[in-house]
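What follows is a set of notes on a single structure, which appears directly below.
The values are calculated or read from the model by the stated rules, or taken from the named source; none is laboratory data. Note that the structure is a prediction, hence the values are computed from the model and not measured. Cβ sites come from the backbone with ideal geometry, for glycine too, and all protein chains shown count toward neighbours.
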Amino acid sequence: MRHRIKMSSADEIKIEASVSAEEVAAAKAEIDEDLDGEDTAAGEFEVTKEEMSIIRAELACEFPDDYTYMSDAYIKSVASKPYSKDPTIRRPLEYTMDKLSHVMEWREQVGAPDFEGLVTLANGPDTAPAAVEQPKSLTKAKAMATSLNNGSLYWHGMTKDGKPILWIRCGRKPWYPNVEAEVNALILIADAGIRAMPEGVTDFVVISDSYSPPPPVPTFMIGVLKALVRGYPDRLSVLLSAPVGSIIQFVMNLLLPLMPGRLAGKFLLKDEENAREILKEWLLNGEDDIPTFFGGKVDHDKFYPEEGYSKNKGQGTLKFDYFGMVDRLQASSKEWEERQKE
């Protein structure tokens with residue numbers, strides 16, 4: 001039996017005091033600025049091959065080391081949306097380039113293109129030439145590996161419509177996290193899932209096992225929200241969280257006022273019974289894909305055990321099976337694509 005952590009009103013007051021009204025206001029202002037009039041209208045317009053070529057060429061010119069990160073399908077999904085100032089027309093090409101450039105600039109600022117290299121660094125010995133020559137990078141790599149090692153965040157399986165599934169195991173999250181390392185690990189994982197998406201798929205699903213979450217750290221929560229808005233616009237399809245206790249409610253009460261309307265509408269908070277019914281509808285193999293922690297038969301811990309049951313994958317500090325996760329997700333993506341041909 002799993003137990004939930006309950007927060008008293010005193011706990012909530014203490015948590016609220018850890019983030020000032022000024023910090024919340026500054027975070028909202030930064031998020032609102034990045035939204036730049038985020039569209040609420042549905043529908044898509046045509047984007048020509050010539051326009052796609054222009055966008056691709058400009059991205060390659062401005063971001064030569066990372067321009068392949070965005071798939072043609074994602075670029076087209078951004079470019080084809082209605083214009084916020086006049087929903088009867090498509091976004092101007094310049095507007096689309098600005099939005100895409102903002103994402104790429106954010107990736108440069110946080111160092112996202114280098115994160116997978118840090119995982120390799122953390123998986124090797126401290127005596128390796130790359131580790132000796134880059135002591136700051138090694139420290140950052142070890143911090144990221146530590147955040148990965150608890151197995152609280154991983155990709156596993158697909159939905160019926162080919163969206164990769166990011167699973168969150170809240171009970172495994174640390175009580176006193178290294179906020180920067182935790183956010184960096186999330187960015188690393190998100191990028192891995194995006195690279196493994198089937199052709200034509202541009203967004204993903206998040207499913208959170210929200211039993212026994214640690215007391216929330218507002219700076220981490222706000223950091224995650226800022227990363228989602230700034231670095232992954234239109235990437236989240238939906239987030240399902242179950243069961244919903246006082247801590248999850250507190251987190252949502254903190255974050256909802258900061259979220260754009262379209263993003264807030266993508267969060268589903270359910271009890272475990274309702275969540276199972278939703279998973280039957282979503283998961284590629286229906287009920288057969290429901291994990292044990294949601295009352296199903298699939299043992300995710302076989303691949304992603306708690307840290308105490310994991311062994312180092314190489315000669316470094318990495319215990320989480322990052323590269324195995326990537327291989328399995330790529331295999332799931334190919335399986336889904338093959339099913340579409342049948």
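Please work out which residue is surrounded by the most Cβ atoms within 10 Å (Cβ to Cβ), limiting yourself to segment 219-259 and to residues that are more than 23 Å from Y176 (Cα to Cα) and of a type in the set (G, A, S).
G231
Among the numbered criteria (1) charged (D, E, K, R); (2) surrounded by fewer than 21 Cβ atoms within 10 Å (Cβ to Cβ); (3) more than 30 Å from E337 (Cα to Cα); (4) within 12 Å of the chain's Cα centre (by Cα), which one does D191 miss?
Failing condition for D191: (3).
Among (1) without any contact (Cβ under 8 Å) to a residue 24 or more places away in the chain; (2) more than 19 Å from the chain's Cα centre (by Cα); (3) in a helix (DSSP H, G or I), which single condition is E105 missing?
(2)
Among the residues of segment 79-99, which ones are aliphatic (A, V, I, L, M) and either out of contact with any helix residue (DSSP H, G or I) (no Cβ under 6 Å at 6 or more places or on another chain) or surrounded by fewer than 20 Cβ atoms within 10 Å (Cβ to Cβ) (or both)?
Scanning segment 79-99 gives I89, L93, M97.
Going by the conditions given, is V24 outside any helix (DSSP H, G or I) and either modelled with pLDDT under 95 or surrounded by fewer than 17 Cβ atoms within 10 Å (Cβ to Cβ) (or both)?
Criteria not met by V24.
Scanning for something aliphatic (A, V, I, L, M) and assigned to a strand (DSSP E or B), does segment 79-93 turn up at least one residue?
Yes, some residue in segment 79-93 is aliphatic (A, V, I, L, M) and assigned to a strand (DSSP E or B).
For the structure I just gave you, tell me whether F303 is among the aromatic types (F, W, Y), in contact (Cβ under 8 Å) with a residue 24 or more places away in the chain, surrounded by 15 or more Cβ atoms within 10 Å (Cβ to Cβ) and closer than 24 Å to R172 by Cα.
Answer is no for this residue.
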